[in-house]
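**Q** Input: one structure, supplied below.
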Amino acid sequence: MTDPGAKSFYITTAIDYPNGAPHIGHSMEKVAADVMARFHRLLGDDVAFTMGLDENSQHIVTAAKTAGIETGPFTDEMDRVFRASWDALQISRSSWVRTTEPRHTVASQELFSRALANGDIYKSTYAGWYCPNCNNYYTEDELVDGRCPNHPSITPEWLEEENYFFALSKYSDFLRDHIAANPEFITPSTWTAEVMGLIESGLRDFSVSRRVKPDTEPWGVPVPGDPEHVLYVWFDALTTYLTGIGFPEDGGTSGRYWPADSQVIGKDILRFHTLYWPAMLASAGLPLPRRIAIHGFMTLEGRRISKTTGNVISPIEVVDEFGADPVRYYLMRDLSFSSDGDFSRSKLIRRYNDDLGNDLGNLLNRVVAMIGRYRGGVVPAASDGEAIEAELREIAANAHERAAHHIDQWQLNEALEEIWQLVRRANQYLEARKPWTLAKNEADAGLLDTTLYTAAEATRLAGLYLAPFIPGSADKIMAQLGLDPIADGDWTSKGTWGSADFGTVDPAGPLFPRIEVTE
Ligand SMILES: [Zn+2]
């Protein structure tokens, strides 16, 4: 159990539209958020982690109709498929919100009422080009050849109706000042200029409701006191982050976790999270999230991921073939928050064979096999050794410190690179010390002990540092080394050299059996 005095850490991912099953393009964000959540548990923090589904869109009603199913059963089935996908990827969420849940109605109506009481909500007529996938209106010049700027396959339709509006324009100075005073609010900071540019070009008030059309199924959260309107999807979708921690009834819990420490999103919804959301929170008298972490888009084998062209893979399919940890490792190692990325099967296999199989898997294999062969399985005690041992200890200390720094900055691929320095150097250490030669000479018994211990300890630490990324494999590394599974707080209490007591190793074969590639 988490220490009641522990620091809280709250993280969220964007919620997805369940108008179709999730694909691999949705996965990087969820895995990255999970790495962050697991890292903070390893630091001993009390972590809350909210994910969910954005079900209150007219677009979902349309998708259900197309599938020939009632909207309710359609979203129930999508809910099952999305949760199964995130379970397959070992995403350790603590809270799952469907925006059709009653508790979410309560939370979003409360936020609306607070903004209304604060004088930030008014009624007016709205007109614009509406993209149902974005749930956003665009002006004529924002469209690209008449199509949605984010969805080239969608031709937005012209809509005009009476709506409630949120007075975003009142918040321009507030948002500019907040972003300038909090450089980490937008991560990576390469996005700051774009957000500032949006403010400079003039913030327009945005529509927060939709009129229920007489011939359509009512779908969405009713506007408090005006059931002819439902909340416009962004206002209600963003509130999910508060619903997930019990807002507003459970003041204790939401007070403990809010403001969120990190909210992870894709670059296409940057304006809603860096402008709309902070203004809504300020209007409701709530503090702003500490950080919005923004990632780029992912292509699949060099092409845009698209259901229409069939260029999609389901996360479950990839996990079934390679296992959760190799997929997680590949996503975090080859893709970065600071640029767009490409998911490629051949690159995944290369990372699996080279990094996980040859570097990490072989290191573990050699260590436990030699301790078995030369010392009856018992990890020996060691002396401090010489310069080469001191150097490996220093590399481990660097990996511990620098990986933590990079994870904190959402540079997850760089964190893995730091940890891999340790893995590679531990292999080189064995090559240099040649324990198989030391074992032939009784006079070298002390040095053999030191070598085996040093290599085992380097392997243990690498496994611990990798635990946020490849949690299942990290526990298998501990099991083969004869150690307990990794527990909350271990990054701190067992993260430094010599901080764990070894027993007897338990070899269990290769962690990552080689994948043969047929040309
Ligand atoms: Zn769109």
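The values are calculated or read from the model by the stated rules, or taken from the named source; none is laboratory data. Everything numeric here is computed off the predicted structure, so don't read it as measured data. Positions of Cβ are backbone-derived with ideal geometry, glycine not excepted, and every protein chain shown enters the neighbour counts. Accessible surface is based on the protein model in full, side chains and every heavy atom, while ligands, DNA and RNA are left aside. Shrake-Rupley method; radii C 1.70, N 1.55, O 1.52, S 1.80 Å.
**Q** I want the antiparallel fraction of DSSP beta bridges within the chain, as a percent rounded to 5.
**A** Numbers: 25 of 47 bridges.
Around 55 percent of the beta bridges assigned by DSSP in the chain are antiparallel ones.
**Q** Also, I was wondering about something else. Give me the percent relative contact order of the chain, please, defined on Cα pairs under 8 angstrom at least 6 residues apart.
**A** Values: 861 pairs, mean separation 86.5, N = 519.
Reported relative contact order: 17 percent.
**Q** How charged is the neighbourhood of P156? Take every other residue with its Cβ under 11 Å from the Cβ of P156, and add Lys/Arg as +1 and Asp/Glu as -1. Don't jump to the answer; show the numbers that get you there.
**A** Details: positive: R147; negative: E140, E142, E157.
Residues close to P156 contribute a combined charge of -2.
**Q** Heavy atoms only, probe 1.4 Å: what % of the accessible area of the chain goes to carbon and sulfur, would you let me know?
**A** Working: 10590 of 21160 Å².
It is 50 percent, rounded to a whole number.
**Q** If you build the convex hull over the alpha carbons only and average its shadow over all orientations, what do you get for region 375-437? Give it in nm² to one decimal.
**A** Dividing the Cα hull surface by four gives the mean projection, 5.3 nm².
**Q** Calculate the tail of P(r) for region 257-385: the fraction of all Cα-Cα distances greater than 21 Å, expressed in %. Walk me through the intermediate numbers first.
**A** Values: 5181 of 8256 pairs.
Here the tail beyond 21 Å accounts for 63 percent of pairs.
**Q** Please work out how much length the chain gains when fully extended from L143 to T125, using 0.36 nm per residue of separation minus the C-alpha to C-alpha distance, in nm with one decimal.
**A** Working: separation 18, 0.36 × 18 = 6.48 nm, distance 2.09 nm.
Going from the current span to full extension adds 4.4 nm.
**Q** Which peptide among 446-459, 16-29, 384-397 comes first, and what is the full order, when sorted by highest mean count of other Cβ atoms within 10 Å? Intermediate values should be presented prior to the final figure.
**A** Working: 446-459: 23.0, 16-29: 21.4, 384-397: 15.8.
Listed from highest to lowest mean packing, they are 446-459, 16-29, 384-397.
**Q** Provide Rg and Dmax in Å for region 85-182, with only Cα atoms included in the calculation.
**A** Rg and Dmax of region 85-182, Cα atoms, are 18.0, 46 Å.
**Q** If you don't mind, another one. What is the ratio of the Cα radius of gyration of region 345-493 to 2.2 N^0.38 Å, where N is its residue count, to two decimals? Don't skip to the end; give the middle numbers.
**A** Values: Rg = 15.4 Å, N = 149, 2.2 N^0.38 = 14.7 Å.
Ratio of Cα Rg to 2.2 N^0.38 Å: 1.05.
**Q** Would you calculate the convex hull of the Cα atoms in region 197-338 and tell me its volume per residue in Å³? Write out the running numbers ahead of the final one.
**A** On the way: hull volume 29.9 nm³, N = 142.
About 210 Å³ per residue, rounded to a whole number.
**Q** May I pose another question? Please work out the average accessible area per residue across region 423-519, using the 1.4 Å probe convention, and give it in Å².
**A** Roughly 45 Å² per residue, with all protein chains present.
**Q** For N413 and A67, calculate 0.36 nm times their separation in residues minus their Cα-Cα distance, and state this gained length in nm to one decimal. Mind showing how you got there, number by number?
**A** On the way: separation 346, 0.36 × 346 = 124.56 nm, distance 3.96 nm.
120.6 nm is the gain from fully extending N413 to A67.
**Q** So how much slack lies between S306 and K7, counting 0.36 nm per residue of separation and subtracting their Cα-Cα distance, in nm? Kindly include the intermediate steps, with their values, before the conclusion.
**A** Working: separation 299, 0.36 × 299 = 107.64 nm, distance 4.12 nm.
Gain on extension, S306 to K7, equals 103.5 nm.
**Q** Which whole-number value in Å³ per residue fits the convex hull of the alpha carbons of region 8-322?
**A** Numbers: hull volume 44.4 nm³, N = 315.
Convex hull of Cα atoms, per residue: 141 Å³.
**Q** Assign one of three labels to region 33-115, namely rounded, prolate or oblate, based on the Cα gyration tensor with a ≥ b ≥ c the square roots of its eigenvalues; rounded applies when a/c is under 1.5, prolate when it is not and a/b is larger than b/c, and oblate otherwise.
**A** Here region 33-115 falls in the oblate category.
**Q** Taking the Cα centre of region 222-308 as origin, sum charge times position over the Cβ atoms of Lys and Arg (+1) and Asp and Glu (-1), and report the length of that vector in debye to the nearest 20.
**A** Details: 8 positive and 8 negative charges, 116 e Å.
In debye, rounded to 20, region 222-308 gives about 560.
**Q** Give me the accessible area per residue for region 168-216, probe 1.4 Å, as a whole number in Å².
**A** Numbers: 2640 Å² over 49 residues.
Normalised by residue count, the accessible surface of region 168-216 is 54 Å².
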